[in-house]
Amino acid sequence: MSSPFAAYLFDIDGTLLRAGGAGRRAFTRAMEDLVGPVAEPVAAMKFDGMTDRMIVREALALSSRGFDTALADAILVRYLEHLPGELASPGFRVLPGAATTLGTLQARGDAVGLCTGNLALGAQLKLRHAGLEDYFDWSPSGMHGFAEDGEARARLVAAAVSRVSAALGRAVAPADVLIIGDTPRDVLAAREVGCAVLCVATGNSDVAALRACRPDAVAESLEHPDARRLLGLESED
Ligand SMILES: [Mg+2]
């Protein structure tokens, strides 16, 4: 079956895996190490679809310390140190259809990358724990957008799309790139850049909430026929 898009860029949390709160725990421990006890407004923050640096900025703004760049950098370094231990928690799971979808796209010869608010190393640690690391190119020519590319999610979508063009050796239009994510923020960022977008309701947003953002398709999971159709893995009928 032919490939409908030039490249497929996957979000991680809520799309390929659920880390069972590992990211939040690692982040909270990093905040406690460097700022002190985490107050209720920070504990109540919803991280869905936020980039790692945006999370730190908002958490520091809510704390007594306020935001500063050096402190934010130190918290992110400490977060990455805590993350491997937290990933070993029993709540971690790979989402339905993640491995088979990546495997099928790879077998079809598709360009596959990541578009995630995780820092690059955090992304790699999570995917390694999920057994999905080898589906992605971790060299500098990998077609990815990570938290290092900017605080606003659209910045990392744009960075990933430009890496797709570089890797494929031709100018790829954003509309020829499919973003696969699980939150309204994934849709907004993809649309800002001009990409197509598929939403799966395997994160914290349900089908109705995702449909309200008008992505190209919404599906219960990557295994659902509506997801597989947009990925070109299932016929239209
Ligand atoms: Mg997500």
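Brief remarks follow.
- Checked against the criterion of being over 25 Å from HIS224 (Cβ atoms), within 16 Å of the ligand (Cβ to nearest atom) and part of a helix (DSSP H, G or I), the candidates LEU121, LEU127, LEU156 yield just one match: LEU156.
- Identity of the residue in segment 64-76, assigned to a helix (DSSP H, G or I) and either touching a residue at least 24 places away in the same chain (Cβ under 8 Å) or in contact with a Phe, Trp or Tyr (Cβ under 7 Å, 6 or more places away or on another chain) (or both), that ends up surrounded by the most Cβ atoms within 10 Å (Cβ to Cβ): ILE75
- For the residues LEU178, LEU95, the requirement of being within 16 Å of the ligand (Cβ to nearest atom) and more than 28 Å from ARG25 (Cβ to Cβ) singles out LEU178.
- Hey, LEU198 surrounded by 19 or more Cβ atoms within 10 Å (Cβ to Cβ), more than 28 Å from LEU76 (Cβ to Cβ), away from the ligand (no atom under 16 Å from the Cβ) and not hydroxyl-bearing (Ser, Thr, Tyr) or not: no
- Selection over segment 2-19 of residues that are more than 10 Å from the ligand (Cβ to nearest atom), within 15 Å of the chain's Cα centre (by Cα) and farther than 13 Å from ILE180 by Cβ gives a count of 1.
- Scanning segment 83-95 turns up no residue that is acidic (Asp, Glu) and surrounded by fewer than 20 Cβ atoms within 10 Å (Cβ to Cβ).
- Residue that is farthest from GLU234 (Cα to Cα), among those in segment 177-220 that are assigned to a helix (DSSP H, G or I) and in contact with a strand residue (DSSP E or B) (Cβ under 8 Å, 6 or more places away or on another chain): ALA189
- Residue match in segment 24-34 (condition: in a loop (DSSP other than H, G, I, E, B) and either outside the structural domain of PRO174 (by TED's automatic domain parsing) or not acidic (Asp, Glu) (or both)): no
- Scope segment 202-217; condition over 24 Å from MET143 (Cα atoms) and either within 15 Å of the ligand (Cβ to nearest atom) or at pLDDT below 95 (or both); matching residues: ASN204, SER205, ASP206, ALA209, LEU210, CYS213
- Selection from segment 220-237 of residues that are free of Cβ contacts under 8 Å to residues at least 40 places away in the same chain and in contact with a Pro (Cβ under 8 Å, 6 or more places away or on another chain): GLU234
- Considering ASP48, ASP11, the condition of being modelled with pLDDT of 95 or more and either in contact with an Asp or Glu (Cβ under 9 Å, 6 or more places away or on another chain) or assigned by TED's automatic domain parsing to the domain that holds GLY203 (or both) is satisfied by ASP11 alone.
- Residue count, segment 40-63 (criterion: surrounded by 13 or more Cβ atoms within 10 Å (Cβ to Cβ), within 16 Å of the ligand (Cβ to nearest atom) and not in a helix (DSSP H, G or I)): 6
- Looking at ARG185, ARG214, ARG191, just one residue is assigned by TED's automatic domain parsing to the domain that holds ARG108, free of Cβ contacts under 8 Å to residues at least 12 places away in the same chain and either over 19 Å from THR104 (Cα atoms) or of a type outside the set (Ser, Thr, Tyr) (or both), and that residue is ARG191.
- The number of residues in segment 98-118 being away from the ligand (no atom under 16 Å from the Cβ), part of a helix (DSSP H, G or I) and of a type in the set (Val, Ile, Thr) comes to 2.
The values are calculated or read from the model by the stated rules, or taken from the named source; none is laboratory data. In this text the structure is predicted, and so the values were computed from the model without any measurement. Counting neighbours? That spans all protein chains shown, and the Cβs are built from the backbone with ideal geometry, glycine included.
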